[in-house]
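Novice: There's a structure below that I have some questions on.
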Amino acid sequence: MSLVKVDLGAAAKKLNKPFLMEEVAQVDHFALYLYLCEGAVAKHRHLTQDELFYVHSGVLSLDTDWGAIMLSRREFTVIPRGLSHLSGSVVRTVVLLFQSRSDPDRKNGHGRILLTPRPHALLKWSVAEEVNFLRQPYLPVPLAQVDEMSLRLVWCQGETAWHAHVDHDELIFVMEGRVEIGSELGPLSVAPDELVVIPRARVHRLAAAQRAIALAFIHNHVLPQVQMGR
């Protein structure tokens, strides 16, 4: 099966009904939903899963029992399981939501052993700020953790070795520049605001003629130092 690109910019323009979730990708048991936020939803909480809110465009307000936070374009935060929250916006805002569908391996706590204690305050990440901490190509920097999944920032330049992740899918979401993903089916060029899911066990490599920046979403079992085929 060929790799499929998703153009988030094009998908965002088609959204016209607030808070109607449009699934754009699946990574392992996680789904990525794109939705339009205009107005607000009632305060609620999720007892069994975290949620990651990434602002594609606009400004998102999150009001929680730990305090309030505002997110602008290319900023994101994680709402831990059990934390009551309300989200809303007074302007047209498009949000990318990372959320687990369900996972049978979570029974009796499996799949959560890598989680660390949560601080009683919301953390906010900005792609524009985090790029300053990238030190070398293809050494992912972990940013946020959502249940047992990790969102990492990657500087792409040159090419990686051919490699595969036997047990886990990998999502590549290009922020800046252009990344080419090679596989046995040939190269696939990925531009800014496009994402691709590389299925588990698919042999692949990443390449970029010039500096490019991407977010990668993958299971914590895949360590950053080996994720890019090192």
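The values are calculated or read from the model by the stated rules, or taken from the named source; none is laboratory data. All values reported here derive from a predicted model rather than from experimental measurement. Please note: Cβ atoms are built from the backbone with ideal geometry, for glycine as well, and neighbour counts cover all protein chains shown.
Novice: Report, by residue number, each residue of the range 134-152 that is more than 12 Å from the chain's Cα centre (by Cα) and either in a strand (DSSP E or B) or farther than 18 Å from F217 by Cβ (or both).
Specialist: Those that are more than 12 Å from the chain's Cα centre (by Cα) and either in a strand (DSSP E or B) or farther than 18 Å from F217 by Cβ (or both): R135, Q136, P137, V141.
Novice: While we're here: Would you pick out the residues in the range 37-57 that are surrounded by fewer than 19 Cβ atoms within 10 Å (Cβ to Cβ) and among the charged types (D, E, K, R)?
Specialist: E38, K43, R45, listed by residue number.
Novice: Scan the range 62-78 for residues that are among the aromatic types (F, W, Y) and out of contact with any strand residue (DSSP E or B) (no Cβ under 8 Å at 6 or more places or on another chain) and report the count.
Specialist: Result for the range 62-78: 1.
Novice: Among the residues of the range 58-76, which ones are part of a strand (DSSP E or B), crowded, with 17+ Cβ neighbours inside 10 Å, free of Cβ contacts under 8 Å to residues at least 60 places away in the same chain and out of contact with any Cys (no Cβ under 9 Å at 6 or more places or on another chain)?
Specialist: T64, I69, L71, E75
Novice: Can you find a residue in the range 6-25 that is modelled with pLDDT under 95 and over 14 Å from L96 (Cα atoms)? Break it down stepwise before answering.
Specialist: Narrowing the range 6-25 to residues modelled with pLDDT under 95: none.
Scanning the range 6-25 turns up no residue that is modelled with pLDDT under 95 and over 14 Å from L96 (Cα atoms).
Novice: Can you find, within the range 135-158, the residue that is farthest from V203 (Cα to Cα) among those that are of a type outside the set (S, T, N, Q) and surrounded by fewer than 17 Cβ atoms within 10 Å (Cβ to Cβ)? Let's see the steps before the verdict.
Specialist: Start the filter on the range 135-158 by keeping residues that are of a type outside the set (S, T, N, Q), which leaves 135, 137-144, 146-149, 151-156, 158.
Next, from what is left, pick out any that are surrounded by fewer than 17 Cβ atoms within 10 Å (Cβ to Cβ): 135, 139, 141-142, 158.
Values: R135: 26, L139: 19, V141: 22, P142: 23, G158: 18 Å.
Restricting to residues being of a type outside the set (S, T, N, Q) and surrounded by fewer than 17 Cβ atoms within 10 Å (Cβ to Cβ), the top hit is R135.
Novice: How many residues does the range 8-32 contain that are among the aromatic types (F, W, Y) and surrounded by fewer than 18 Cβ atoms within 10 Å (Cβ to Cβ)?
Specialist: Result for the range 8-32: 1.
Novice: I want to confirm something. Restricting to the range 77-94 and keeping residues that are outside any loop (DSSP other than H, G, I, E, B) and within 17 Å of the chain's Cα centre (by Cα), which single residue is nearest to Q49 (Cα to Cα)?
Specialist: Ranking the qualifying residues of the range 77-94, first place goes to I79.
Novice: Taking the range 159-184 as the search range and keeping residues that are under 16 Å from the mean Cα position of the chain (by Cα) and part of a loop (DSSP other than H, G, I, E, B), which one is surrounded by the most Cβ atoms within 10 Å (Cβ to Cβ)?
Specialist: Pass one, the range 159-184, residues under 16 Å from the mean Cα position of the chain (by Cα): 168-176.
After this cut, where a residue has to be part of a loop (DSSP other than H, G, I, E, B) as well, the list is 168-169.
Details: H168: 18, D169: 20.
Across the range 159-184, the extreme among qualifying residues is D169.
Novice: Which residues, counting only those in the range 29-55, are touching a residue at least 60 places away in the same chain (Cβ under 8 Å) and part of a strand (DSSP E or B)?
Specialist: F30, A31, L32, Y33, L34, Y35, E51, L52
Novice: Quick one: in the range 119-133, which of the residues that are among the hydrophobic types (A, V, I, L, M, F, W, C) and part of a loop (DSSP other than H, G, I, E, B) is surrounded by the fewest Cβ atoms within 10 Å (Cβ to Cβ)? Please lay out each step first, then the result.
Specialist: Our first condition is that a residue be among the hydrophobic types (A, V, I, L, M, F, W, C); within the range 119-133, this holds for 121-123, 125, 127-128, 131, 133.
Still in the list and also part of a loop (DSSP other than H, G, I, E, B): 121-123.
Values: A121: 9, L122: 19, L123: 12.
Taking the candidates together, the pick is A121.
Novice: Could you list all residues from the range 185-224 that are free of Cβ contacts under 8 Å to residues at least 24 places away in the same chain and surrounded by 22 or more Cβ atoms within 10 Å (Cβ to Cβ)?
Specialist: none
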